[in-house]
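For reference, the structure is listed below as structure tokens.
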There are 2 protein chains.
Amino acid sequence: MTKDQDPKSHAWAVLLTAHATLIERIEAALAQARLPPLGWYDVLWELEKAEGGRLRMHELARRVVLSRSNLTRLADRLEDAKLIGREDTPHDRRGYDCVITRAGLVMRKKMWPVYKAEIERLFSRHITVEEARTIGDALARAVKAAREG
Amino acid sequence: MTKDQDPKSHAWAVLLTAHATLIERIEAALAQARLPPLGWYDVLWELEKAEGGRLRMHELARRVVLSRSNLTRLADRLEDAKLIGREDTPHDRRGYDCVITRAGLVMRKKMWPVYKAEIERLFSRHITVEEARTIGDALARAVKAAREG
DNA sequence: TGTCGATAGTTGCAAATGCAACGATATGCT
DNA sequence: AGCATATCGTTGCATTTGCAACTATCGACA
């Protein structure tokens, strides 16, 4: 967070601090509302967005940026909570489709207002639309490069 | 990472993905170089920057954005590795100063080239200086607001 | 068809994390 | 001074993470 360095290193340092600080607040807000942690939201949302509300484990892991083993356990918890299901896929007997359940859709919708309010309060309120575009574009390029490299 | 939403939510989503992706790579690079994880670097660097290479536990926790209990354990590990020490402070018998050791300074310097190379490769290379300034400024405002609110 | 290397997902185990509770000291107020 | 309240840092315990190993299946190719 010190400013006496080149702008890029500084940006990286601030990004780390911002992430840690804001995530901490968002998790606290979700917990206070008796809602599951952010990781659950990510999984539910990726599934909801996906064609048919279903995704292979490895693809889901890639999208939420989680190791396979961590996704296995996270999916276990979500499945215990009846928010997702695992179904055999017809064409590859090694794997499964994760499928969001009706209860999962409901939970995702229930979490969103709390999450959204925190994003607004902690992030959106403090930046301009132009800055947001810059951040989104720049970081998306970095992610794309990291995935390809 | 989908683009069909308002720029601010999109920026937030990309920020999360970028953080997860890049941190994963950086940790892997450090591990491959037989170096300690990023959290160790943060602590060492904050101490090195601080007046006298020392900081109270609670202040260090605040700067590295860690809960007190997590910092206690992290400091235990760093102390076991002789990279920091804990000293009683004269004016408050409740707490301690964390002090970076000579070995700690050496380790910090040893980690930096690896860390720096990854920041360059994964982040700096893909953004302009102007974008970096925008990211740093915008996120710093959010952090500041979050700390005050 | 049989074999080899890659991929899918899970599991065991050790390490790290988060939360609540605790002992100790400091601070403020009467 | 004496008591209530807040802060400092640590600890116990349950949960989550990370890594390496493992089983099962796939795909390619001789």
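The values are calculated or read from the model by the stated rules, or taken from the named source; none is laboratory data. Values in this document were obtained by computation on a predicted structure and should not be read as measured data. Virtual Cβ from ideal backbone geometry, glycine too; neighbours counted across all protein chains shown. Ligands, DNA and RNA are excluded from the accessible area calculation, which covers all protein heavy atoms including side chains. Shrake-Rupley method; radii C 1.70, N 1.55, O 1.52, S 1.80 Å.
Remarks
- Hits in the stretch B:72-108 - residues which are on the phi > 0 side of the Ramachandran plot and modelled with pLDDT under 95: none
- Restricting the stretch B:24-34 to residues that are open to solvent by 30 Å² or more (accessible area, probe 1.4 Å) and within 12 Å of DNA strand D (Cβ to nearest atom) leaves a set whose member that is nearest to B:LEU71 (Cα to Cα) is B:GLU27.
- Scoring A:LYS82 on the criteria (1) more than 12 Å from chain B (Cβ to nearest Cβ); (2) open to solvent by less than 20 Å² (accessible area, probe 1.4 Å); (3) in contact with a helix residue (DSSP H, G or I) (Cβ under 9 Å, 6 or more places away or on another chain) leaves a single failure, condition (2).
- Residue pairs meeting the criteria (Cβ under 7 Å; at least 6 apart or on separate chains; first within 13 Å of A:ARG56 (Cβ to Cβ) and within 10 Å of DNA strand D (Cβ to nearest atom), in the stretch A:80-99; second assigned to a loop (DSSP other than H, G, I, E, B) and among the small types (Gly, Ala, Ser)): A:THR89/A:GLY95
- Candidate set: the stretch B:46-65, residues that are touching a residue at least 24 places away in the same chain (Cβ under 8 Å) and within 13 Å of chain A (Cβ to nearest Cβ); chosen: the one nearest to DNA strand C (Cβ to nearest atom): B:VAL64
- Looking at A:GLU118, A:GLU130, just one residue is open to solvent by less than 50 Å² (accessible area, probe 1.4 Å), within 14 Å of another protein chain (Cβ to nearest Cβ) and under 17 Å from B:ALA142 (Cα atoms), and that residue is A:GLU118.
- Taking the criterion of being under 14 Å from the mean Cα position of the chain (by Cα) and part of a loop (DSSP other than H, G, I, E, B), the residues of the stretch B:21-44 that qualify are B:PRO36, B:PRO37.
- Candidates B:GLY104, B:GLY52, filtered to the one that is surrounded by 14 or more Cβ atoms within 10 Å (Cβ to Cβ) and outside any strand (DSSP E or B): B:GLY104
- Count - residues of the stretch A:35-49 that are away from DNA strand D (no atom under 13 Å from the Cβ) and open to solvent by 40 Å² or more (accessible area, probe 1.4 Å): 3
- Subset of the stretch A:55-79 (residues that are open to solvent by 10 Å² or more (accessible area, probe 1.4 Å) and within 10 Å of DNA strand D (Cβ to nearest atom)): A:VAL65, A:LEU66, A:SER67, A:ARG68, A:SER69, A:ASN70, A:THR72, A:ARG73, A:LEU74, A:ASP76, A:ARG77
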